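First comes the structure, then the notes that go with it.
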Amino acid sequence: MLEKRQFYIGGDWVEPVEPNDLKVINPATEQAVAVISLGTAADVDRAVAAARSAFETWGETSVETRAALLERIIAIYERRSAEMDEAIRLEMGAPIKFVREQQTPAGTGHVQATLEALREHRFEWPSPRGGSLLRHEPIGVCGLITPWNWPINQIAAKVAPALAAGCTMILKPSEIAPLSALLFAEILEEAGCPAGVFNLVNGNGAGVGTAMSAHPGIDMMSFTGSTQAGISVTQNAALSVKRVALELGGKSPNLLFADADLETAVRFSLESCFSNSGQSCDAPTRLLVERSVYAEAVDLAAKIAEGVRVGDPAVEGDHLGPVISDLQFSKIQGHIEIGIAEGARLIAGGPGKPEGFETGYYVKPTVFADVRNDMAIARNEIFGPVLVMIPFDTEEEAIRIANDTPYGLAAYLQTGDPERAKRVSRKLRAGSVYINGASPDWDVPFGGYKQSGNGREYGEFGLGDFLELKAITG
């Protein structure tokens, strides 16, 4: 078992002020693979002191200096990518092929996109009438809290732009999936990141997360996670009036019109919903289908879902792994039971584990048909491989159902009519709209409307989150 109790503070690996062991569980085996220590407010104080001291010099560095650091991080990250693959597989149970092709490359993608944005960004420019100088400056010391479902994706999407902006930072990764973050800290250390610029303190939300959010020495909080936790971060940050950037939950609609290629659209819909075992905040979990093709789409969905396989994450192949924890497994099972009790028609999957998987937090890929948008399974973020299918009659009704949600992170649209695609996408209240299976690049803004958060990440847009605007006149 890996011993990972130390934190990275001030350029050194240090012991926690008060040791508090927590085992890291492999979701596929239910066995401990590592042990970390949960930090306290005292550990946060140490990290903030290191970050504040380092900001005095890092905040004044040149673009060239920061770009050179990002270049070194990319080179070392790529060399150690196999280690990152293994860390993510062990901590969250993602299948090794999926990790290698999707999870790990996200780290390189974000750092590279940030590097390109940094080189192109104007940090000083004249005001529109030319009488003043406008200037972007780093906001200061940043607290970064990241989730377990796409661990290195969200770490890189925050750390890279914070570094590029000239900020210093304290990272609190998810305590149940910390191995990729600890490896990333090693990569930054090897890249020569100056002492105190990047700090890592493990801990839970109630302890380290609250201490960071409320800390007067932290100038900004950037948080990715559940909506409820995001509300808590915002409330704790309010006393010091620090900036808060949030990327939160979702219950993303997927509008399938009769003029789409039906089998292609249904297959995409299921694969996208089930990807990462359904543990993606922007997953298209509500499939809205035009009534004239609804019955056929339901039959196709049942057939395709039955062909989706789960399997050991250590084995190569295109299968789903387990969900992250026993707690998450129990929550998903509860949602499935509620769906059945509400009267939704179960057409694939259902309660319990797949046959042959008594050990591990495996969930059957599940599809409900004949769902109403007021049902709990259509309102709540399940965060597992569970799809709900809802019929609609008109374009206007589809848009109304799609927007009838407290969330607004993403929306999906399947249609053979380009004009409809343009028309409908403009009316969907979501931060991202994906048409006919399209996927964005690393420089496209990511974030949500409503209770899916505020601010935008990735590329130039992520860089902007970590900058203050100053006007110099006279």
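Just so you know, all these numbers are worked out from the coordinates, no wet-lab data involved. Keep in mind the model is a prediction, meaning the values are calculated, not measured. Heads up, the Cβs are rebuilt from the backbone with ideal geometry, glycines too, and the neighbour counts pull from every protein chain shown.
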Fill in the blank from the handout: In this structure, the FRET efficiency calculated for GLU3 and SER127 from their beta-carbon separation, with R0 = 60 Å, to the nearest 0.05, is 0.60
Problem - Long-range HN-HN contacts of VAL363 with modeled amide H, under 5 Å - result: VAL323
Exercise for the section: With θ set to phi - 60°, apply the Karplus curve 6.51 cos²θ - 1.76 cosθ + 1.60 along segment 12-23 and write out the HN-Hα couplings as whole Hz, x wherever there is a Gly or Pro. Expected result: 10, 8, 10, 6, x, 4, 10, x, 8, 5, 9, 7
Completion exercise
For the ASP259, SER226 Cβ pair and Förster radius 56 Å, calculated FRET efficiency rounded to 0.05 is 0.95
Exercise for the section: Would you please put 387-396, 457-466, 84-93 in order of how densely packed they are, using the mean number of other Cβ atoms within 10 angstrom per residue and starting with the highest? Expected result: 84-93, 457-466, 387-396
Handout entry: Student exercise, the chain dipole from Lys, Arg, Asp, Glu Cβ charges, in Debye to nearest 20
Key = 1020 debye
Practice task
Could you tell me what percent of the DSSP beta bridges with both partners in the chain are antiparallel, to the nearest 5?
Solution key: 40 percent
Problem - Segment TRP13-ASP370, length gained on full extension (0.36 nm per residue, minus Cα span) - result: 123.1 nm
Handout entry: Prolate/oblate/rounded call for segment 253-435, Cα gyration tensor, a/c under 1.5 rounded
Key = prolate
Exercise for the section: Return the sequence-ordered ³J(HN,Hα) values of segment 421-431 in whole Hz as given by the Karplus equation 6.51 cos²θ - 1.76 cosθ + 1.60 applied to θ = phi - 60°, using x for Gly and Pro. Expected result: 4, 5, 5, 6, 4, 6, 9, 7, 8, 8, x
Handout entry: aspartates and glutamates with Cα under 12 Å of LYS470, excluding same-chain neighbours fewer than 8 positions away
Key = GLU124, GLU137
Fill in the blank from the handout: Which residues qualify? For VAL444, with a placed amide H closer than 5 Å and at least 5 residues away or on another chain, they are none
Problem - Set of lysines near LYS23 by C-alpha distance (under 28 Å), chain-local residues within fewer than 8 positions excluded - result: LYS4, LYS97, LYS158, LYS172, LYS331, LYS353, LYS364
Exercise for the section: Determine the gain in length on full extension of the stretch ILE338-LYS427; use 0.36 nm per residue of separation and subtract their C-alpha separation, reporting nm with one decimal. Expected result: 28.9 nm
Practice task
Measure nothing but the geometry: give the 0 to 90° angle between the long axis through the Cα atoms of 326-342 and the longest principal axis through the Cα atoms of the chain, rounded to 10°.
Solution key: 30 degrees
Practice task
Would you calculate a helix-derived [θ] at 222 nm for the chain, using -39,500 (n - 2.57) for each DSSP H run of n ≥ 4 and dividing by the full residue count, to the nearest 500?
Solution key: -12000 deg cm²/dmol
Fill in the blank from the handout: Sorted by chain and then number, the residues having a modelled amide H within less than 5 Å of the amide H of PHE392, at least 5 places away or on another chain, are VAL289, GLU290, ARG291
Practice task
Using per-residue counts of other Cβ atoms within 10 Å, averaged over each peptide, order 264-274, 186-196 from highest down.
Solution key: 264-274, 186-196
Exercise for the section: Report ³J(HN,Hα) in whole Hz for each residue of segment 380-389, in order, from the Karplus equation J = 6.51 cos²θ - 1.76 cosθ + 1.60 where θ = phi - 60°; Gly and Pro get x. Expected result: 9, 6, 7, 6, x, x, 10, 10, 10, 10
Handout entry: Residues LYS242, LYS97, sorted so that the one with the fewest Cβ neighbours within 10 Å comes first
Key = LYS97, LYS242
Exercise for the section: Can you tell me the 0 to 90 degree angle between the C-alpha axis of helix 179-190 and the longest principal axis of the chain, rounded to 10? Expected result: 30 degrees
Problem - Using a Förster distance of 41 Å, the FRET efficiency for GLU83-LYS303 (Cβ separation, nearest 0.05) - result: 0.55
Practice task
Could you calculate the contour length gain from ASN436 to HIS319, that is, 0.36 nm times the residue separation minus the distance between their Cα atoms, to one decimal place in nm?
Solution key: 39.8 nm
Problem - Label zone at THR473 (point 7 Å along Cα-to-Cβ), backbone N below 16 Å, segment 123-139 - result: 126-135
